[in-house]
Amino acid sequence: ELLIVVAIMSTILVALYGTLFPVLGGQKRIERELEKMSELKRFFDIFSMEVQSSFFKKDNPVTVFLGERLDSRGRPISRITFTTFTYPLTRHGHPTGDLMAMRYSVEDAQDGGMALYKKTWNPYIGDENGGFKAEVIEEIEGFEVSYYNGKEWSKAWDSELEKRPPDAVKVVLAFRDMGVVREISTIARTIIR
């Protein structure tokens, strides 16, 4: 009887042990996906606030709103540069203010994939004089920005030609989820004129 109980218990333990690792692997995968979705939500919230606070004045040469369509690895990729009211970057001996320039662009990541980067700098000093650059989202499959002029959407924008910022900006981020490329998007309206 004792041998039968031991055999049954060992069979149950082997079965539980065999299901434990797939469950733990699934839990880690779900945690990674939830972290990715949280990261995307934070990006969209911050990006929308920055676009809503964007500022362009045709008489001010440091203000800009420029949307470019580029190509990376055969895929259309966007780069957007604009001035916005946000927290200032301070550098000793340089003027500072709430108006900052920022650029979102896609670059090759260290792991061979693509990542979205954000560079922020004081427009009165200039881009080449420094600023702050950081990776915003890693492992993306695409970053496409469209601009609304009040009548139609376009894939590029130049405030020097248009003499104003767009009425709205749409961002589509593509990322890999469980082996499938998914897209998530948001639309942000420009408010400050």
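Can you show me the helix-derived [θ] at 222 nm for the chain, built from DSSP H runs with n ≥ 4 at -39,500 (n - 2.57) apiece and divided by the number of residues, rounded to the nearest 500.
-10000 deg cm²/dmol
Using a probe radius of 1.4 Å on heavy atoms only, what accessible surface per residue do you get for the chain? Whole Å² is fine. Walk me through the numbers before you get to the answer.
Numbers: 11940 Å² over 193 residues.
Accessible area per residue, the chain: 62 Å².
Given springs between every Cα pair under 10 Å in a Gaussian network model of the chain, which of Pro166, Pro22, Pro123 has the largest fluctuation?
Among Pro166, Pro22, Pro123, the largest mean-square fluctuation in the Gaussian network model of the chain belongs to Pro22.
Over the alpha-carbon set of the chain, work out the extent along each principal axis and list the three values in angstrom, largest first.
Projected onto its principal axes, the Cα set of the chain covers 94, 44, 30 Å.
Return the single residue from Thr83, Thr120, Thr11 with maximal mean-square fluctuation; model: Gaussian network over the chain, springs between Cα atoms under 10 Å.
Judging by the Gaussian network model, the answer is Thr11.
Which one, Met49, Met114, Met37, has the greatest fluctuation when you compute a Gaussian network model over the chain with C-alpha springs under 10 angstrom?
Met37
Does anyone have the angle between helix 2-52 and the longest principal axis of the chain? Alpha-carbon axes, 0 to 90°, nearest 10?
10 degrees
Carbon and sulfur together cover what percent of the accessible area of the chain at a 1.4 Å probe radius? All intermediate terms of the calculation are to be shown ahead of the outcome.
Working: 6820 of 11940 Å².
Carbon-and-sulfur percentage of accessible area, whole number: 57.
Out of residues 5 or more away from Asp158 or on other chains, whose amide H comes under 5 Å of its own, with H placed 1.01 Å from N in the peptide plane?
Gly67
Here is the link list: Lys36/Lys58; Lys36/Lys133; Lys118/Lys163; Lys57/Lys133. Which ones come out longer than 31 Å on Cα distance? The partial results should precede the final answer.
On the way: Lys36/Lys58 39 Å; Lys36/Lys133 21 Å; Lys118/Lys163 25 Å; Lys57/Lys133 25 Å.
Too far apart for the 31 Å limit: Lys36/Lys58.
The values are calculated or read from the model by the stated rules, or taken from the named source; none is laboratory data. Everything numeric in this text was worked out from a predicted model, so none of it was measured. Ligands, DNA and RNA are stripped out before the accessible areas are found, and what is left, the full protein with its side chains, is counted by its heavy atoms. Shrake-Rupley method; radii C 1.70, N 1.55, O 1.52, S 1.80 Å.
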